[in-house]
Amino acid sequence: MTAHSPIAPAAGATFPDAARTAFAAAYPDQSTKLNHGLVGHGLLTLDALATLAERMPATSVEYNLGKLPLGVTAEDTPSNGLTLGETIRTIETNGSWAVLKNVERDPAYAALLDDALAELEPIVAGKTGPMLHREAFIFLSSPGSVTPFHMDPEHNILLQIMGVKTMTVFPARDEHLVPAQKSEDFHGGGHRNLIWQDGFKARGKAVRLEPGDAIHVPVKAPHFVENGPTVSVSLSVTWRSERSVAEGELHSFNALLRKRRLPVGKVSAQPETQGIRRLVYRIMRKLGA
């Protein structure tokens, strides 16, 4: 393997060369299981995360009771009645779920994110262009917690740090799971949670994640997560691309057209190539449409 290979190993890598090889084969459209080297990292212990959480702004933290139905709506999600620090320090027994958002705003966690994504950047750049808007999220879950059926707008790799969970991932762009109008609403600011039907389960793939495992989740691939019998800590490293930006623009364009009772267009598997429609959308947006 030459020094210029996009999957060449690096000293002290977050993602070993086998993981980079698997990622290169799957990215950007397929989910795949990977492995990583961040288990036991000092920034990812419960004490370190509780300290981080307490200095983060309230808008960067979300936490609630963890034992939820797969299809719960945002407004029906119950509070756990604890402070954030209490939630994290007693998460083994309080039945909660928490996410620390945009932890890359802290310099130490920014370095952790940058080091991890630098190993994948050559692969990503060759397929969807530069990594844009890099972010990191940390998820903490009590035993038995459930993260409801939802989708996210970013390219995402979830790294399991502590505990065991099962993530069930569904194909992106399946309109049986996510109707076109839901995508339009989502890109207009609608909530990430999706309507669940029991018949959906056969369309997904359940992947068990233990410490040292990771999973690549494509843009807007619906998924839900079921935590195992112990506390779970996971790190999510994400980025946007010209492809994910283009998809958002085209669904937003369709929302404008639908509102005016005009025919909507198909968003292709390579939306970054739909330059004319994107240009028209940008012009309409600039004109206040």
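Starting with the fewest neighbours, write out TRP239, TRP196 ranked by other beta-carbon atoms found within 10 Å of each beta-carbon. Could the numbers behind the result be given before it?
On the way: TRP239 21, TRP196 18.
With the sparsest Cβ surroundings first, the list reads TRP196, TRP239.
Kindly identify the stretch 245-286 as rounded, prolate or oblate by the Cα gyration tensor criterion: order the square roots of the eigenvalues as a ≥ b ≥ c, call it rounded if a/c is under 1.5, otherwise compare a/b with b/c, prolate if a/b is larger, else oblate.
oblate
DSSP H helices in the chain with Cα extent of 15 Å or more along the helix axis and mean Kyte-Doolittle hydropathy at least -0.5? Walk me through the intermediate numbers first.
Numbers: long enough: 107-128 (29 Å, 0.51); 242-259 (26 Å, -0.56); 275-286 (16 Å, -0.39).
For the chain, where a helix must reach 15 Å along its axis and average at least -0.5, the hits are 107-128, 275-286.
Of PRO107, GLN181, THR166, which is farthest towards the positive pole of the chain's charge dipole, taken about the Cα centre with +1 and -1 on the beta-carbons of Lys, Arg and Asp, Glu respectively?
It is GLN181.
Per-residue counts of other Cβ atoms within 10 Å, averaged by peptide: what ranking do you get for 114-122, 150-158, highest first?
Details: 114-122: 17.9, 150-158: 21.3.
Ranking, from highest mean packing down: 150-158, 114-122.
Across the stretch 27-42, in residue order, what do the Karplus-derived ³J(HN,Hα) couplings come to in whole Hz, using 6.51 cos²θ - 1.76 cosθ + 1.60 with θ = phi - 60° and x for Gly and Pro?
5, x, 9, 10, 7, 8, 7, 10, 9, 8, x, 9, 4, x, 4, x
Suppose we flag trypsin sites (Lys or Arg not before Pro) only when DSSP calls them loop and at most 11 other Cβ atoms lie within 10 Å. Which is the longest uninterrupted stretch of the chain? Mind dumping the intermediate values first?
Numbers: sites that count: ARG55, ARG260, ARG261, LYS266.
Excluding the exposed sites themselves, the longest stretch runs over 56-259.
Positive end of the charge dipole of the chain (Lys, Arg +1 and Asp, Glu -1 on Cβ, about the Cα centre): tell me which of PHE253, ALA24, MET151 has its Cα farthest that way.
Highest projection toward the positive end goes to PHE253.
Where nothing but the Cβ of Lys and Arg (+1) and of Asp and Glu (-1) is charged, how large is the charge dipole of the chain around its Cα centre, in debye to the nearest 20?
Values: 30 positive and 30 negative charges, 264 e Å.
In total the dipole reaches around 1260 debye.
List the GluC sites (Glu not before Pro) within the stretch 157-234 that DSSP assigns to loop and that have no more than 13 neighbouring Cβ atoms inside 10 Å.
Working: sites: GLU175, GLU184, GLU226; in loops: GLU175.
Of the GluC sites (Glu not before Pro), the ones in loops of the stretch 157-234 whose Cβ has at most 13 other Cβ atoms within 10 Å are GLU175.
In square nanometres, what is one fourth of the surface area of the convex hull spanned by the alpha carbons of the chain? The partial results should precede the final answer.
Numbers: hull surface 63.8 nm².
Average of the hull's projected areas for the chain equals 15.9 nm².
Using the Karplus equation 6.51 cos²θ - 1.76 cosθ + 1.60 (θ = phi - 60°), what ³J(HN,Hα) coupling, rounded to whole Hz, does each residue of the stretch 220-230 give in order, writing x for Gly and Pro?
6, 6, x, 7, 9, 10, 10, 7, x, x, 10
Values quoted throughout were computed directly from the atomic coordinates according to the rules given, and no laboratory measurement underlies them. This one's a predicted model, so the numbers in the text were calculated from it and none came from an experiment. Reconstructed Cβ throughout: ideal geometry from the backbone, glycine too, with neighbour counts over all protein chains shown.
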